[in-house]
Amino acid sequence: MSNMQKELFLANRACIKQLKTLDPRVAQFEREWIDSTINKTLTAKVPENLTALRQQLADLVELDRSEVPPSAAYVAEHMTLEEFKILVQEFALDGLTEAQVFYHLMPRLSLAAQMPMLRMMIDEFGSGNLKRSHTTLYIDLLKELEMPVDLEFYIDANSSAGFSFPNMFCWLAMRADDPSYFSGVITYFETVVPFFFECYTAICERLQIKAHAYYSEHVHIDVFHAIEGQRLLKAMDATGDLDTAKAWRGICMGRDITNAAFDAAVDKARRLKHFDKERAVERAI
Ligand SMILES: [Fe+2]
Ligand SMILES: [Fe+2]
């Protein structure tokens, strides 16, 4: 599992450079991973229209908001600086490549549906100011924590769950049979980040980390991105391009992969305790 997520990540990087079909073995791994996650998170009720989708999404967000997971509480209240570095390491593959694969989604949307996505992407890329792009904000954090800033280090150091989060977005943007999956996941994700990332802003405050902008910026801007997500769903629905069942399945799948990646990263941090530039490689997970 661990090696296959890494292989899928490397295949995705190659695919971003030059569009091509995945190696059949990697493609099969991805298919089984996505299918099994969708199957295991299936709910009895599947929304049949946009109103029902919005209601089910709102209920799910309320559920998430009402209970702080033990992993997030630990990060906010007890995690040490050395443990935090391991958590930052485990999300660096996403932080260092954030939103770049979204470009692949754009031509699959109607022009009207591209607009809310474009407004989100303008923020992801710092309104065209490299210093404010979310990846630069992550690099600022890595630098303050005296961690490497090259992708290769994290490709070696990350566990399977660390690859799974960016790999999910590659599938959503490049290979899902319908952009409805993406629209569901992005709307869910942007809606929960403002409260989910509070554990990150809390630890930055407690440990007096100055480069907290990656987290504090998301807490602020994702409130607006959640609104853009709703506009994306509406624009797709208006032209008959929204499959609400697929959007919902995407939401449940994306929530599961994100939570599992976060919990695994916190577990790894607590187990290893010390970030070690030389010995951060751990393939046992
Ligand atoms: Fe972002
Ligand atoms: Fe966002």
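Here are the numbers for this structure:
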item	result
Cut-off under 5 Å, modelled amide H: who pairs with ASP243 long-range	SER180
Karplus (6.51, -1.76, 1.60) ³J(HN,Hα), θ = phi - 60°, over the stretch 92-101, in Hz, Gly and Pro reported as x	5, 5, 6, x, 7, 10, 3, 6, 5, 6
Surrounding net charge for LEU232, when Lys and Arg each add one and Asp and Glu each subtract one, Cβ distance under 11 Å	-1
Cα-based convex hull volume of the stretch 1-143 per residue, rounded to whole Å³	189 Å³
Integer Hz, Karplus 6.51/-1.76/1.60 couplings in order for the stretch 213-224, x for Gly and Pro	4, 3, 7, 5, 5, 5, 4, 7, 6, 6, 4, 6
Surrounding net charge for LEU137, when Lys and Arg each add one and Asp and Glu each subtract one, Cβ distance under 15 Å	-4
The chain, relative contact order in percent, only Cα pairs under 8 angstrom and at least six apart counted	32 percent
Within-15-Å neighbourhood charge of ALA112 [Cβ basis; K, R +1; D, E -1]	+1
Distance (nanometres) between label positions extended 7 Å along Cα→Cβ at LEU151 and PHE195	3.5 nm
Normalised alpha carbon radius of gyration of the chain [divisor 2.2 N^0.38 Å]	0.96
Calculated from backbone phi, Karplus (6.51, -1.76, 1.60) coupling profile of the stretch 250-260 in Hz, x at Gly/Pro	x, 4, 5, 5, x, 5, 5, 5, 5, 5, 5
MRE, 222 nm, helices only [DSSP H, n ≥ 4, -39500 (n - 2.57), over the chain, to nearest 500]	-22000 deg cm²/dmol
Across LYS85/LYS210; LYS17/LYS277; LYS85/LYS273; LYS6/LYS131, pairs whose alpha-carbon gap is larger than 18 Å	LYS17/LYS277; LYS6/LYS131
About the Cα centre, charge dipole magnitude for the chain (Lys/Arg +1, Asp/Glu -1 at Cβ), debye	400 debye
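Each reported figure results from applying straightforward, stated rules to the coordinates on display, with no laboratory input. No experiment lies behind these values; they were computed from the predicted model shown. For neighbour counting, all protein chains shown are included, and Cβ atoms are generated from backbone atoms with ideal geometry for every residue, glycine included.
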